Amino acid sequence: MKLLQGTVLSNTWVSPRYKHMSIHAPEIVEECKAGQFFHLKCSDSFSPLLRRPMSIYKIVKKEGEIHFLYLIKGEGTKCLANMHQGDQLNMFGPLGNGFTLQTEWHSLLIVARGVGLATMAPLIDMATKQGIATYAILSARTKGDILSADYMKECGAEVVSLTDEDRDSDVEHVRKMVENVIDSKSIDALFTCGSKRLTNMLKGISLQRKIPGQVAMEENMGCGSGMCFCCVKPFNRGGEIVNLRVCSEGPVFQLEEVMEL
Ligand SMILES: Cc1cc2nc3c(=O)[nH]c(=O)nc-3n(C[C@H](O)[C@H](O)[C@H](O)COP(=O)(O)OP(=O)(O)OC[C@H]3O[C@@H](n4cnc5c(N)ncnc54)[C@H](O)[C@@H]3O)c2cc1C
Ligand code: FES
């Protein structure tokens, strides 16, 4: 992990609510892993004071690039959205523990919603490079918010998109799709990010079918590096309730450890 200045290469609108930012930061790309994040200083001024956590969306090692895909939500992300090509972005990272893949796995199922889509995209790239097949069920409010589907397909995933506007994103429908994919594709592991309801549902299936799973958690963060304890959440680790920091002990956790969200 490093504190560094990256150079903004591009920062473009990809939908009415999301921007895609690419950063030149060759000194750090080799360390970056799917599921990790950077804590970004969104402005040179006093406000917003706290950095904002942002998952790594894409790692282009050859070009020394790190990409973020982000929803413009409040003060911090509005400042990020105002950055231009050539600006310097103060970045702290990569932080946290990323996803892990077992060598004996042949196929994974990814279920992601909303900003969780950004977190999952590099996992598909990582799995494909290890010869693991990936299936992704992506859910969002609108078709315009299903932004990483094309990139995920490019990386090798078979992708299904569901949206609230098409009324096919409710949890029961997603559950049926998950069960179909598990049965037809012999899924070895489940991965999720971006929705409490989908995480609860997937944890149930994971326990019932004895398929291991991992979840990338989101929590409000202060330091991002394990010092302030503002991101602590309870987890069930081997039957014992333990308080863990999402930033440093996560953000990726075993699905079975997550308490009902
Ligand atoms: C590990 C991690 C990875 C993330 N990756 C992405 C990503 O790839 N793309 C993306 O669009 N968003 C991502 N988020 C969510 C993103 O950090 C928040 O949307 C952002 O911090 C909101 O800041 P804001 O100032 O614009 O909004 P505000 O609502 O003004 O933020 C106010 C405060 O709440 C905190 N906050 C608000 N929402 C969240 C949230 N969901 N999670 C954590 N803190 C929050 C902010 O840090 C800030 O301190 C991630 C969050 C975490 C924890
Ligand atoms: S954000 Fe400070 S300990 Fe996690």
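The values are calculated or read from the model by the stated rules, or taken from the named source; none is laboratory data. The structure displayed is predicted, hence computed values, not measured ones. Here Cβ is always computed from backbone atoms with ideal geometry, including for glycine, and neighbour counts include all displayed protein chains. When the accessible area is computed, the model is the full protein with side chains, heavy atoms only, and any ligands, DNA or RNA have been set aside. Shrake-Rupley method; radii C 1.70, N 1.55, O 1.52, S 1.80 Å.
Quick notes on this structure:
- Listed conditions (1) touching a helix residue (DSSP H, G or I) at 6+ places or on another chain (Cβ under 7 Å); (2) assigned to a loop (DSSP other than H, G, I, E, B) are all met by ALA112, apart from (2).
- Scope region 217-231; condition more than 7 Å from ligand 2 (Cβ to nearest atom) and either surrounded by fewer than 17 Cβ atoms within 10 Å (Cβ to Cβ) or among the aromatic types (Phe, Trp, Tyr) (or both); matching residues: GLU219, ASN220
- Selection count where residues are among the aliphatic types (A, V, I, L, M), within 16 Å of ligand 2 (Cβ to nearest atom) and assigned to a loop (DSSP other than H, G, I, E, B), scope region 50-67: 1
- Count - residues of region 174-202 that are touching a residue at least 12 places away in the same chain (Cβ under 8 Å), open to solvent by 20 Å² or more (accessible area, probe 1.4 Å) and assigned to a helix (DSSP H, G or I): 8
- Number of the condition not met by LYS19 [criteria: (1) among the charged types (D, E, K, R); (2) away from ligand 1 (no atom under 16 Å from the Cβ); (3) part of a strand (DSSP E or B)]: (2)
- Among the residues of region 232-249, those identified as touching a Leu at 6+ places or on another chain (Cβ under 9 Å) and part of a loop (DSSP other than H, G, I, E, B) are CYS247, SER248.
- Residue that is surrounded by the fewest Cβ atoms within 10 Å (Cβ to Cβ), among those in region 203-215 that are aliphatic (A, V, I, L, M) and closer than 13 Å to GLU257 by Cβ: LEU207
- Against the list (1) open to solvent by less than 20 Å² (accessible area, probe 1.4 Å); (2) in contact with a Ser or Thr (Cβ under 9 Å, 6 or more places away or on another chain); (3) part of a strand (DSSP E or B), the condition ASN11 fails is (1).
- Residue list for region 236-250, restricted to those being on the phi < 0 side of the Ramachandran plot and away from ligand 2 (no atom under 14 Å from the Cβ): ASN236, ARG237, GLU240, ILE241, VAL242
- Of all the numbered requirements in (1) within 16 Å of ALA112 (Cα to Cα); (2) more than 15 Å from ligand 1 (Cβ to nearest atom); (3) of a type in the set (Phe, Trp, Tyr), PHE253 misses one, and that requirement is (2).
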